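K.L.:
Let me give you the structure first, and then I'll get to my questions.
The values are calculated or read from the model by the stated rules, or taken from the named source; none is laboratory data. Bear in mind the structure is a predicted one, so any value in this text is a computation, not a measurement. Cβ placement follows ideal geometry from the backbone for every residue including glycine, while neighbour counts extend to all protein chains displayed.
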Amino acid sequence: MSENQIHQRCPLCLQTADSVLRMPDRIYGKRYAILRCRSCRTSFTDPFPSEDELNRIYSGEYWAKETTLGKKGRLGRAVTKFNLVRMALLIRPLLKTLPPGASVLEVGCGSGHLAAYIKRCGFEVEITDISRDILEEVRAVHNISGYCGNLEEIEFEHQYDAIVFNNVLEHLRSPNRAISTAAKLLKPDGRIFVEVPNIDSYQFKLLGARWYHLAIPQHLYHFSPESLDRIMSTNAMNKIWASTYSPRTSAAGYAASLIPSLQPAKLRQAWSTPKLLIYLILQIAALPLVCAESLMKRGATIRCIYQKKSE
Ligand SMILES: [Zn+2]
């Protein structure tokens, strides 16, 4: 088994980091710290879990099983539709900036629903994932082809008009390397869409270690708008659109933090109609709070579009 990677310094810029929070993870109860770099202000999990630990987590029922909701009767189908609408709202700001038929790459495709929606909107879509099983499932269900592996290890055949990182960057050991690779894969003026949890949010301030979107130990990095902008500008990407609201994850953050048994992965594994209804009601109840924090630019999610600088 490989050793956990313990940080003496920031893994991105090698400067000194301070402890923000100490907490156990939700899966094994092992102690982790969240540290924040004094220089680049990026927060990260310490130690990073070993590859074996992460593989065990990801090889479980982590993704893809949303497709089983359709088999859970009328409520299951309604939830699937609700999720698809949220997915559409999530990516609409990017799609509005692209010409018809533009090529889009989604990195870490999860259930494949987002890529399928982009395809239905008339764009050329390809995907990447580290799991061959997920790629095969997405190909079978949505007829979308993909590449297996980490972005920087894949040999791509062409460049893209846009690259999507939907709640992916925080899982990577080197987000900087991934963005650097993505920037090279873009056509001139190409765009990168990113959604990640926002550690500078009021939700994190309010909920601390209970905050669902910390997702220790899977989330290796915890971005603020400032630290994300820094990685992007280092790679010659200019921010052209930003929001701290996500139709998919902002309100869900409150519901899943307050009642951990309502977390989406748990609901997917053990279907319970009353729990699902409570989950939806809590999200609706949280909406005024979510709107207010987003208006103050301190919402739970960073959702941005960056454009490649002209050479
Ligand atoms: Zn740093």
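K.L.:
Give the range 188-215 a look and list any residue that's among the aromatic types (F, W, Y), over 15 Å from V20 (Cα atoms) and in contact with a Leu (Cβ under 8 Å, 6 or more places away or on another chain), or say none.
P.N.:
Answer for the range 188-215, where residues must be among the aromatic types (F, W, Y), over 15 Å from V20 (Cα atoms) and in contact with a Leu (Cβ under 8 Å, 6 or more places away or on another chain): just F193.
K.L.:
Looking at F123, is it buried (at least 18 other Cβ atoms within 10 Å of the Cβ) and under 30 Å from I34 (Cβ atoms)?
P.N.:
Spelling it out, it is not the case that F123 is buried (at least 18 other Cβ atoms within 10 Å of the Cβ) and under 30 Å from I34 (Cβ atoms).
K.L.:
Continuing with this model, one more query. Considering only residues of the range 251-306 that are of a type in the set (A, V, I, L, M) and part of a loop (DSSP other than H, G, I, E, B), which is farthest from Y221 (Cα to Cα)?
P.N.:
The residue in question is A270.
K.L.:
Is it true that some residue in the range 223-238 is within 19 Å of the chain's Cα centre (by Cα), exposed (fewer than 15 other Cβ atoms within 10 Å of the Cβ) and at pLDDT 90 or above?
P.N.:
Looking through the range 223-238, at least one residue is within 19 Å of the chain's Cα centre (by Cα), exposed (fewer than 15 other Cβ atoms within 10 Å of the Cβ) and at pLDDT 90 or above.
K.L.:
I want to confirm something. Restricting to the range 17-41 and keeping residues that are charged (D, E, K, R) and outside any strand (DSSP E or B), which single residue is farthest from the ligand (Cβ to nearest atom)?
P.N.:
Within the range 17-41, the match that is farthest from the ligand (Cβ to nearest atom) is R26.
K.L.:
Cβ-Cβ distance below 7 Å, separation of 6 or more or different chains: which pairs start in the range 32-43 with a residue that is over 13 Å from L220 (Cβ atoms) and end on one that is more than 10 Å from the ligand (Cβ to nearest atom) and not in a strand (DSSP E or B)?
P.N.:
Once the first residue is over 13 Å from L220 (Cβ atoms) and sits in the range 32-43, its partners that are more than 10 Å from the ligand (Cβ to nearest atom) and not in a strand (DSSP E or B) give R41/S224; R41/E226.
K.L.:
Here is a further query. Applying the selection to the range 260-302, what residues are modelled with pLDDT under 95 and of a type in the set (S, T, N, Q)?
P.N.:
S261, Q263, Q269, S272, T273, Q283, listed by residue number.
K.L.:
Are there any pairs with C-beta distances below 6 angstrom linking a residue in the range 91-106 that is buried (at least 17 other Cβ atoms within 10 Å of the Cβ) to a residue that is of a type in the set (D, E, K, R), with the two at least 6 apart or on different chains, and if so which?
P.N.:
Short answer, once both residue conditions are applied: L98/D161; A102/D161; S103/E124; S103/D161; L105/E126.
K.L.:
Only one of L135, L105, L114, L94 is under 18 Å from the mean Cα position of the chain (by Cα) and assigned to a strand (DSSP E or B). Can you tell me which?
P.N.:
Result of the check over L135, L105, L114, L94: L105.
K.L.:
Looking at L14, is it within 16 Å of the ligand (Cβ to nearest atom), surrounded by 13 or more Cβ atoms within 10 Å (Cβ to Cβ) and more than 24 Å from W211 (Cα to Cα)?
P.N.:
Spelling it out, L14 is indeed within 16 Å of the ligand (Cβ to nearest atom), surrounded by 13 or more Cβ atoms within 10 Å (Cβ to Cβ) and more than 24 Å from W211 (Cα to Cα).
K.L.:
Quickly run through the range 131-163 and pick out the residues that are touching a strand residue (DSSP E or B) at 6+ places or on another chain (Cβ under 7 Å) and crowded, with 17+ Cβ neighbours inside 10 Å.
P.N.:
L135, V138, I144, G146, Y147, L151, Y160, D161, A162, I163
K.L.:
Oh, and also: Does G146 satisfy the criteria of being touching a Ser or Thr at 6+ places or on another chain (Cβ under 8 Å), farther than 23 Å from I27 by Cβ and not hydroxyl-bearing (S, T, Y)?
P.N.:
So G146 fits the description; yes.
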